[in-house]
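Please read the structure below before turning to the comments.
The values are calculated or read from the model by the stated rules, or taken from the named source; none is laboratory data. Note that this is a predicted model, so its numbers are computed, not measured. No Cβ is skipped: glycine too gets one built from the backbone with ideal geometry, and neighbour counts run over all protein chains shown. To get the accessible areas, we keep the full protein, side chains included, count just its heavy atoms, and leave off ligands, DNA and RNA. Shrake-Rupley method; radii C 1.70, N 1.55, O 1.52, S 1.80 Å.
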Amino acid sequence: MKLATLLAQNARRYPDKVALVCGDRRLTFAGLDARGNRLANALAARGVGCGDRVAIAMPNGIELVEAMAAVLKLGALIVPLSTRLAAQEIAYILGHCEPAAVLYSDGMRPAVAAALDGLPEIPRIVAGAPEAGEEGFSTFLETGAAEPPPAPPAAFDDCMIAYTSGTTGRPKGAVATNANLVIAALANVAEWELSERDVVLATTAMAHRTGLSRLANAIAVGCRLVMQPRFDAAGALSLIEREKVTVAGGVPTVFRMMAPEFEKRPEAAASLRLIVATGEVFPVPVKERLRAAVPHVGLYTFLAQTEAGYIAALRPEEQEARPHAAGRPIMGVEARAVDADGNDVPTGEPGELLVRCGEPGRAVVMREYFRDPEATAAAFEDGWFRTGDVGRFDADGYLYFVDRAKDMIVTGGLNVYSKEVEIALIDHASVADAAVVGVPDEEFGEAVAACVVLEEGGAATADELIEHCRARIASYKKPRHVHFFDDLPRTGTGKVMKQALKKRLAERSSA
């Protein structure tokens with residue numbers, strides 16, 4: 001079952017129904033399908049085919065969704081690039097996936113141009129006024145024929161590569177299939193009672209699997225998708241009121257920021273029946289604040305990963321009784337907590353979370369890491385995917401998230417791997433050693449804290465190191481706090497003892 005097929009079917013079923021809303025622009029299902037056909041045929045005429053990669057670097061918007069629809073129709077793989085990535089990060093991803101074409105907004109032109117420098121010439125399609133070597137999005141699309149492109153082989157199901165950084169600091173490309181996204185969308189029919197009558201607000205960037213999953217909901221179910229190009233709390237509530245949004249999706253930080261708006265104008269959320277959130281632990285005080293502000297709105301929180309997909313969920317009726325739980329595994333998903341030897345830990349004890357749902361790529365778990373067989377082999381054990389997260393189960397089967405075994409920090413719902421930031425810090429001439437940990441943050445859940453040892457005779461200020469990182473990694477990954485130490489606590493094997501380091505930071509903060 002492919003998303004492109006579902007889009008074509010819903011274009012016939014609901015031709016005049018609005019499928020997408022972004023700002024003042026609206027597009028029907030028939031319009032999206034037709035423009036997707038034209039763009040797909042235009043790309044095919046330039047040599048893009050089934051199995052090729054197409055990189056897309058655009059903010060949320062109509063052109064972004066049209067580009068994704070076209071790639072799906074060709075059986076090519078969407079490689080979404082966050083508009084927050086630095087040029088060096090984009091260069092690595094493009095060099096690794098070797099795209100057959102790249103589509104981007106004019107705001108991403110400098111980063112994309114720098115990333116493509118030295119790579120083979122490929123079509124460059126820009127949403128905006130084209131410059132030398134570029135083709136304008138609208139003009140390029142109109143060169144494509146209107147009829148549907150030839151369908152890709154039924155056996156080929158890959159549809160997306162989502163790059164997510166690993167503990168080595170180099171991004172890994174998680175290959176998601178049509179089945180991954182369609183099954184998750186159909187699970188929401190049961191879990192959220194989602195139907196073609198719903199209007200879904202996506203506050204998450206489509207460059208992430210969570211955002212693309214909201215698009216998959218619209219394509220598979222036939223509901224309307226409403227997007228913001230850039231999140232704004234007051235604007236989001238106005239959109240809910242204007243478009244009569246029924247389901248609002250995002251990360252807990254989004255709803256933490258929206259809570260004051262709900263309190264000021266609860267009547268604007270009259271149409272809203274459900275808030276769905278993932279990406280980090282949802283703070284209980286924020287749950288209580290939302291419940292008081294908009295008591296008619298249910299809260300559905302769930303645990304998901306780029307690689308593992310949709311794992312566990314806590315339904316609205318469970319929120320008060322189990323406010324700290326991540327929930328129970330969703331239908332069809334098996335989950336275990338194991339010790340270092342792979343044995344199940346006793347109920348209530350923490351262990352690494354392993355999940356499976358049939359063969360990789362056939363349900364919710366990714367198929368593989370792109371061009372990385374070693375990482376793929378390490379990620380799977382007898383069909384179980386090793387999430388790298390630590391969790392525990394209670395006697396009733398509820399999962400509680402404990403920690404991230406891979407040193408990942410989640411700030412504002414965005415993943416930051418400490419190793420990636422450490423590499424950027426150590427690249428500074430005055431830095432001898434560095435370690436990065438997450439520290440509590442009232443606004444973003446967690447903040448990135450850098451612990452730095454300077455070279456003898458070296459000099460650097462906190463602001464200088466933050467700016468140094470900003471030039472090398474996405475801005476949201478840069479340290480929010482920088483602390484200087486004479487040394488870092490290490491084990492006998494040389495590993496930094498991060499819990500001891502966090503204790504030092506806590507002591508320094510209290511002092």
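For Ala312, the residues whose modelled amide H falls within less than 5 Å of its own, excluding neighbours fewer than 5 places apart on the same chain, are Leu303, Ile330.
Label point of Glu288 set 7 angstrom out along Cα-Cβ; within segment 405-444, no amide nitrogen lies under 16 Å from it.
Here the 3J(HN,Hα) profile of segment 125-134, calculated from phi with Karplus coefficients 6.51, -1.76 and 1.60 at θ = phi - 60°, is 10, 10, 8, x, 6, x, 10, 4, x, 10 Hz, Gly and Pro shown as x. The per residue volume of the convex hull around the alpha-carbon atoms of segment 67-218 is 155 Å³.
With only alpha-carbon pairs counted, each pair once and no self-pairs, how large is the Kirkwood hydrodynamic radius of segment 418-461 in angstroms?
In segment 418-461 this quantity evaluates to 11.2 Å.
Under the classification rounded if a/c is under 1.5, otherwise prolate if a/b is larger than b/c and oblate if not, where does segment 205-336 fall, given a ≥ b ≥ c as square roots of the Cα gyration tensor eigenvalues? Oblate, because a/c is 1.5 or more while a/b does not exceed b/c.
Evaluating 6.51 cos²θ - 1.76 cosθ + 1.60 at θ = phi - 60° for every residue in segment 218-223, the Karplus couplings come out as 5, 5, 7, 9, x, 8 Hz, glycine and proline recorded as x.
Between Ala190 and Ala511, the modelled label-to-label distance comes to 5.5 nm, taking each label 7 Å out from Cα in the direction of the beta carbon. On the basis of the beta-carbon distance and an R0 of 35 Å, Glu442 and Phe380 show a calculated FRET efficiency of 0.40.
On the beta carbon distance between Thr143 and Gln9, with R0 = 22 Å, the FRET formula returns roughly 0.25. What is segment 406-511 by shape, rounded, prolate or oblate, if you read a ≥ b ≥ c off the alpha carbon gyration tensor as root eigenvalues and call it rounded for a/c under 1.5, prolate for a/b larger than b/c, and oblate otherwise? Since a/c stays below 1.5, the shape of segment 406-511 is classed as rounded.
With the highest mean first, a sort of the peptides 385-398, 206-219 on other beta-carbon atoms found within 10 angstrom per residue produces 206-219, 385-398.
Suppose the chain between Asp394 and Ile426 were pulled fully straight at 0.36 nm per residue; how much longer would it get relative to their current alpha carbon spacing?
Answer, rounded to one decimal: 7.4 nm.
Packing, taken as the mean count of other beta carbons within 10 Å per residue, orders the peptides 411-417, 257-263 from highest to lowest as 411-417, 257-263. Each 5 Å bin from 0 upward holds the following percent of the Cα-Cα pairs of segment 331-416: 3, 14, 22, 22, 22, 13, 3, 1, 0. Amide hydrogen proximity for Gly327: with H placed 1.01 Å from N in the peptide plane, the residues at 5 or more positions away or on another chain lying under 5 Å are Leu399. According to the calculation over all Cα-Cα pairs in the chain, the P(r) per 10 Å bin from zero is 4, 18, 29, 28, 16, 5, 0, 0 %. Rounded to the nearest 20, the size of the Cβ-charge dipole of the chain about its Cα centre is 1080 debye, with Lys and Arg at +1 and Asp and Glu at -1.
Maximal additional length on extending the Ser238-Asp339 stretch stands at 31.6 nm, based on 0.36 nm per residue less the C-alpha distance.
The charge dipole of segment 1-127, taken about the Cα centre with unit charges on the Cβ atoms of Lys, Arg (+1) and Asp, Glu (-1), comes to about 500 debye, rounded to the nearest 20.
Which of rounded, prolate or oblate describes segment 36-110 when judged by the alpha-carbon gyration tensor and an a/c cut-off of 1.5? Here segment 36-110 falls in the oblate category. What is the distance in Å between the Cα centroid of segment 330-389 and that of segment 9-33? Using only Cα atoms to place each centre, the spacing works out to 38 Å. If you take the Cα centroid of segment 298-317 and the Cα centroid of segment 52-75, the two points sit 26 Å apart. Just to confirm the filter: which GluC sites (Glu not before Pro) across segment 79-171 are DSSP coil and have at most 10 other Cβ within 10 angstrom of their Cβ? Those satisfying the criteria are Glu121.
Leaving out ligands, DNA and RNA, what percent of the accessible area of the chain is carbon and sulfur, probe 1.4 Å? Summing carbon and sulfur atoms, their accessible area is 51 percent of the total for the chain. Counting every C-alpha pair in segment 169-233, the share spaced more than 16 angstrom apart comes to 48%. Placing unit charges on each Cβ (+1 for Lys and Arg, -1 for Asp and Glu) gives segment 256-358 a dipole about its Cα centre, and among Pro266, Pro283, Gly342 the Cα reaching farthest toward its positive end belongs to Pro266.
Size of segment 181-279 from its Cα atoms: along the principal axes, largest to smallest, the extents are 37, 26, 21 Å.
Only alpha carbons enter this Debye calculation for segment 272-412, each as an equal point scatterer, and the log10 of I(q)/I(0) it gives at q = 0.12, 0.16 Å⁻¹ is -0.51, -0.86.
Remark: the chain carries 41 Å² of accessible area per residue (probe radius 1.4 Å; ligands, DNA and RNA excluded). Across all C-alpha atoms in segment 381-457, the radius of gyration and Dmax reach 16.4, 58 Å.
Its Cα centre serving as origin, segment 124-227 has a Cβ charge dipole (Lys and Arg +1, Asp and Glu -1) of approximately 420 debye. For Ala447, nonlocal amide neighbours, meaning residues 5 or more places apart or on other chains whose placed amide H falls under 5 Å from its own, are Val439, Asp441. Shape index of segment 454-511: Rg/Rh, with Rg the Cα radius of gyration and Rh the Kirkwood radius from the inverse mean 1/r over Cα pairs, equals 1.01. Each other residue within a Cβ distance under 11 Å of Pro346 adds +1 if Lys or Arg and -1 if Asp or Glu, for a net charge of -2. With both labels modelled 7 Å from their Cα along Cα-to-Cβ, the Ala45 to Gln499 distance reads 6.3 nm. Computed 3J(HN,Hα) for segment 146-153, one whole-Hz value per residue from the Karplus formula 6.51 cos²θ - 1.76 cosθ + 1.60 where θ = phi - 60°, is 7, 6, x, x, x, 5, x, x, glycine and proline marked x. Note on exposure: Trp384, Trp192 ranked by accessible area (1.4 Å probe, complete protein assembly) read Trp384, Trp192, with the most exposed listed first.
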